[in-house]
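The values are calculated or read from the model by the stated rules, or taken from the named source; none is laboratory data. As the structure is a computational prediction, the values presented were derived from the model and not from experiment. Note that we place each Cβ from the backbone using ideal geometry, even for glycine, and neighbour counts take in every protein chain shown.
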Amino acid sequence: MRKLVFLLPALFLLACTQTPEKHVPKQYSIEQFYKNTRIGGGAFSNDETKLLVSSDESGIFNVYEITIADGSKQQITHSEEESFFASDYVPTTGEIIYSADKGGNEIDHLYLLKSDGSTVDLTPGENEKAQFAGWSDDDQYLYYVSNKRDPKFFDFYKMDTENWEAEMIYQNDEGLNISGISHNERLFGLNQTITTSESKLFLYNRDTEKTIEISDEPGQYSSSGFSKDDNFFFYITNAGKEFAYLMQYEIATGKKTALFETNWDVMYSYLSENEKFRVIAINEDGKNTLLVKNNATNEQVDFPEIPDGNIVAVGFSDSEELLRLTIGTSKAPNNIYVYNFETKELKKLTETRNPEIDPQDLVSAEVVRFSSFDGTEIPAIYYKPLMATENNQVPALVWVHGGPGGQSRTGYFALIQYLVNHGYAILAVNNRGSSGYGKTFYKMDDRNHGDKDLKDCIWGKKWLQEQKYIDAEKIGIIGGSYGGYMTMAAMAFTPDEFKVGVNIFGVTNWLRTLKSIPPYWESFRQALYTELGDPFTEDSVRLYNISPLFHAENVKNPVMVLQGANDPRVLQIESDEMVEAIKANNVPVEYVIFPDEGHGFIKKENEIKGYSDILNFLNKYLKGTTE
């Protein structure tokens, strides 16, 4: 049975990537960078001859099929307005399930693409947000979660694949996160968010209507599936330790056994269809390490080496004869490969990099560390332009990820490569409070946002100034969502530190943002209030004090703001008001609004406009030139 991992809500995360030396790179336009394509998914067809993927080759995401034998790709959907994301093939018919929202509003619906070409909205409620959750063991039912009963809570449904009629099989009245179902449909894994760094894990028995708590000591917990015979429940926790590890719970006896542990966080783990293999993903210093183990021998499966390759995801065929791998490099978006266990052949099925771009002109990510104001070691992902030398000093940017609690990671991001290609060094700071470096580090910014985390960014700027090929007087700050907040906090609270700021849909008024959390984040609301503050209590004073909007009179250096009009997390009015407040200072401010985007830009035409505008802004106000 194929299952989806349920994720807790988190604010927008942005990722990252660095280089060789003494090579004069050709500069590329933003249009050339966005001739690259992004691709994701990769569900096997029932006969295991095709893969179902999502790709933005058409300009926005659509559904495609890739024939494994020859790598040929066929576009299945032809949307020109909304992005469509592939979920899976229907096991009984080979028809297709995909999801889509409206203009980035995050109200995702599930759609059935029938063999005759017609489409059916399976979750048609106007404000119904639904998420695909796999298939029953007999392949007769589609599993999904939906908040159609109560906008705040997600219930669990099964829908028969003959008439597509839905039946609720778990009503979620307590605001828990449903994180797994047993093969016999009797047990549910349930997760309760306590804070952003603590949760509880339960098993609910539908037959007895009893709930057992698995989390016996404080920590973060997440479900990791059931064994095929439903005798064991697997979960990941960091209870009692700095990093998350994989556990096994014997349902009959309650016995707990540690299955895998290392000195980094285990991100996720699952078993293949017939439990021949186990996948374990590890967040190792900002990049993925992915292990596939043979359960019978406990031996690790070794794949052919891919230079600079980073396996970001895998998926088994039901026969367990084929393995889909999604592999990225520092210099190209993810590509899809298929590995055949019998022939040991690794076949590349896609080429996402625009052939006009020479990878030697791009840079590879480098992990660096620096000491902050109080001696705390701060990890960062660094990108040094190829043309940077002591005789050719370059400007630089401190990049701040989303969150709170996100992480900048190695990988490919076109905006970063575009800016580095045009002569900007970028230091993607994983300030205190970032995930991936242990739970102590993760909690270090709680109730301290806009202070010590901002100082980490400033000390990142100081690290950049120590590099002899950096122009120490030309350093700005850029970030999205929480990183956008950090950008505006820097410009308002430490106005002399950064020459420019680029705020990409960043929070500027914490009082409004925390009061306007979407209803479907109800299970996460209290955790955010615990970390950031409750706007309905005396915490409102501190939230006012850390909100850049109320200190806009301090902003004195140029700012650029980018915003999606349909953003449900950071409302457009936040950016509107911030821009007007900066204008009142007679400070240069540029504002780009996309009427058809939400929290994160998906359409290529919008990314091309927005990101080229960012470069033009930086050239004018930071580099002091025009290209």
Counted residues, segment 445-486 - those being in contact with a Pro (Cβ under 8 Å, 6 or more places away or on another chain) and aromatic (Phe, Trp, Tyr): 2
From the options Ala69, Ala86, Ala100, residue that is of a type in the set (Gly, Ala, Ser), within 22 Å of Asp318 (Cβ to Cβ) and in contact with a Phe, Trp or Tyr (Cβ under 7 Å, 6 or more places away or on another chain): Ala86
Residue in segment 262-279 that is acidic (Asp, Glu), surrounded by fewer than 19 Cβ atoms within 10 Å (Cβ to Cβ) and farther than 26 Å from Asp138 by Cβ present: no
Residue among Ser146, Ser199 that alone is under 29 Å from Arg525 (Cα atoms), of a type in the set (Gly, Ala, Ser) and assigned by TED's automatic domain parsing to the domain that holds Phe232: Ser199
Residues of segment 304-323 classified as part of a loop (DSSP other than H, G, I, E, B) and either more than 22 Å from the chain's Cα centre (by Cα) or at pLDDT 90 or above (or both), total: 9
Residue in segment 284-292 that is without any contact (Cβ under 8 Å) to a residue 12 or more places away in the chain, polar (S, T, N, Q) and outside any loop (DSSP other than H, G, I, E, B) present: no
Exclusive hit being surrounded by fewer than 17 Cβ atoms within 10 Å (Cβ to Cβ), over 20 Å from the mean Cα position of the chain (by Cα) and without any contact (Cβ under 8 Å) to a residue 24 or more places away in the chain, set Glu65, Glu48, Glu80, Glu31: Glu80
Search result, residues across segment 379-392 that are touching a Ser or Thr at 6+ places or on another chain (Cβ under 7 Å) and farther than 19 Å from Asp456 by Cβ: Lys384, Leu386
Strands (runs of 3 or more DSSP E) within segment 110-184 that include 3 or more residues of a type outside the set (A, V, I, L, M), modelled with pLDDT of 95 or more and crowded, with 16+ Cβ neighbours inside 10 Å: 130-135, 141-150, 153-160
Residue list for segment 421-437, filter: touching a Lys or Arg at 6+ places or on another chain (Cβ under 9 Å) and over 25 Å from Val502 (Cα atoms): Gly436
Candidates Thr343, Thr350, Thr326 - the one that is surrounded by fewer than 16 Cβ atoms within 10 Å (Cβ to Cβ), among the polar types (S, T, N, Q) and modelled with pLDDT of 90 or more: Thr343
Selected residue [part of a strand (DSSP E or B) and at pLDDT 95 or above] from Ala428, Ala492: Ala428
Subset of segment 51-62 (residues that are out of contact with any helix residue (DSSP H, G or I) (no Cβ under 8 Å at 6 or more places or on another chain) and surrounded by fewer than 21 Cβ atoms within 10 Å (Cβ to Cβ)): Glu57, Ser58
Filtered residues of segment 266-300 (kept if of a type in the set (A, V, I, L, M, F, W, C) and over 27 Å from the mean Cα position of the chain (by Cα)): Ala296
Selection within segment 393-403 - over 18 Å from Ile458 (Cα atoms) and at pLDDT below 95: Gly403
Cβ-Cβ under 8 Å pairs, at least 6 apart or on other chains, segment 203-217 side within 22 Å of Tyr157 (Cα to Cα), far side modelled with pLDDT of 95 or more and among the acidic types (Asp, Glu): Arg206/Glu185
Residue within segment 244-253 that is out of contact with any strand residue (DSSP E or B) (no Cβ under 9 Å at 6 or more places or on another chain), surrounded by fewer than 20 Cβ atoms within 10 Å (Cβ to Cβ), modelled with pLDDT of 95 or more and among the β-branched types (Val, Ile, Thr) present: yes
Residue check, Leu464 touching a helix residue (DSSP H, G or I) at 6+ places or on another chain (Cβ under 8 Å), part of a helix (DSSP H, G or I) and at negative phi: no
